[in-house]
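K.L.:
What follows is a structure written as structure tokens; I'll ask about it next.
The values are calculated or read from the model by the stated rules, or taken from the named source; none is laboratory data. These numbers come from a predicted model, not from an experiment. Backbone-built Cβ (ideal geometry, glycine too); neighbour counts: all protein chains shown.
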């Protein structure tokens, strides 16, 4: 839940920057407007409606990725301008080791962001909602191809943006908003479409994360402490948690503690350190148990926040290693749990 708060703060900040730059809406007012829209959208919808709208938003975002890449590259002088950017004195350092960003940080951000897409609860909820194993396999293939395609289109934009915007932009969070308003990059129609697509991207992320957080708070915390059989009561509390977590995120986003990349990387690192070992081992090894999950969760989190040598190695790597070792160790020293349900699950998997 804490990791999700950091991620949602990054999304709030991104859309706030976009509305401020493109529509001249003051940043804090934009954040408040986003809060009300997200709460109304999420609380009145639910899981099924969110999944359906996400499918539409995903198509819009894919088209936007293509347009953003084409527009930025053309404005920079075409694909061939890559070599000119490499030879320009102000940008040549970006093509050297540790030139733009220290390599440990770069690899850490890439790994944490990638793992986050595989292990975060909102993605798992969608796979659990599929009708069967065949649909899950198709979903894995489609989602991987879609993610890779969009990723490959978006990553080079930062390089080409140097040639379009220049070196006067101090805040990297403003690169895309600045591209949208820079004359000669996109037509007014395309810029407006890209704005809508990025709002769709924000909504697609915020609604699903809020639903998972609210459901977790209701079913796994309040529901365990004060059980109830009333679906109406459960629904009311879930909607209340949607408002609560959105309000907390709004409060943080009004004065964000870091950049979009930094907040996203922190969120991804927490997901990776806490969930990757238990998910991976849990899927393929029947020996694991709840003690191993909790132990790996706590040690991974501790290493992530207290790793002292991040200038040499990003903390997500030792956090994953230690978390995995702790999971394995606790599973071996604990009595093996053998139930009919576990046997059926692993027989079905085989």
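K.L.:
Can you tell me which of 11, 33, 38 is under 30 Å from residue 120 (Cα atoms), free of Cβ contacts under 8 Å to residues at least 60 places away in the same chain and part of a helix (DSSP H, G or I)?
P.N.:
Sole residue among the options that is under 30 Å from residue 120 (Cα atoms), free of Cβ contacts under 8 Å to residues at least 60 places away in the same chain and part of a helix (DSSP H, G or I): 33.
K.L.:
Given the options 244, 329, 276, name the one that is part of a helix (DSSP H, G or I), assigned by TED's automatic domain parsing to the domain that holds residue 121 and out of contact with any strand residue (DSSP E or B) (no Cβ under 8 Å at 6 or more places or on another chain).
P.N.:
One residue alone meets the criteria, 244.
K.L.:
Which count do you get for residues in region 283-301 that are surrounded by 17 or more Cβ atoms within 10 Å (Cβ to Cβ) and either under 21 Å from the mean Cα position of the chain (by Cα) or under 18 Å from residue 116 (Cβ atoms) (or both)?
P.N.:
The total comes to 4.
K.L.:
Additional query: Being in a helix (DSSP H, G or I) and out of contact with any strand residue (DSSP E or B) (no Cβ under 7 Å at 6 or more places or on another chain): is that true of residue 186 here?
P.N.:
No; evaluated as a whole, the condition is false for this residue.
K.L.:
What about residue 69, is it closer than 19 Å to residue 11 by Cβ, in a helix (DSSP H, G or I), in the same structural domain as residue 13 (by TED's automatic domain parsing) and in contact (Cβ under 8 Å) with a residue 12 or more places away in the chain?
P.N.:
For residue 69, the condition - closer than 19 Å to residue 11 by Cβ, in a helix (DSSP H, G or I), in the same structural domain as residue 13 (by TED's automatic domain parsing) and in contact (Cβ under 8 Å) with a residue 12 or more places away in the chain - is not met.
K.L.:
How many residues are within 20 Å of the chain's Cα centre (by Cα), surrounded by 13 or more Cβ atoms within 10 Å (Cβ to Cβ) and modelled with pLDDT under 80 when one looks only at region 50-102?
P.N.:
5
K.L.:
Further, regarding this structure: Got a sec? Which helices (runs of 4 or more DSSP H) wholly within region 76-147 have at least 3 residues that are under 30 Å from residue 318 (Cα atoms)?
P.N.:
Output list reads 103-119, 121-128.
K.L.:
I'm trying to understand the selection: among the residues of region 132-141, which are modelled with pLDDT under 85 and exposed (fewer than 11 other Cβ atoms within 10 Å of the Cβ)?
P.N.:
Passing the criteria: 132, 133, 134.
K.L.:
Sticking with this structure for a sec: Determine whether residue 212 is assigned to a loop (DSSP other than H, G, I, E, B) and surrounded by 13 or more Cβ atoms within 10 Å (Cβ to Cβ).
P.N.:
no
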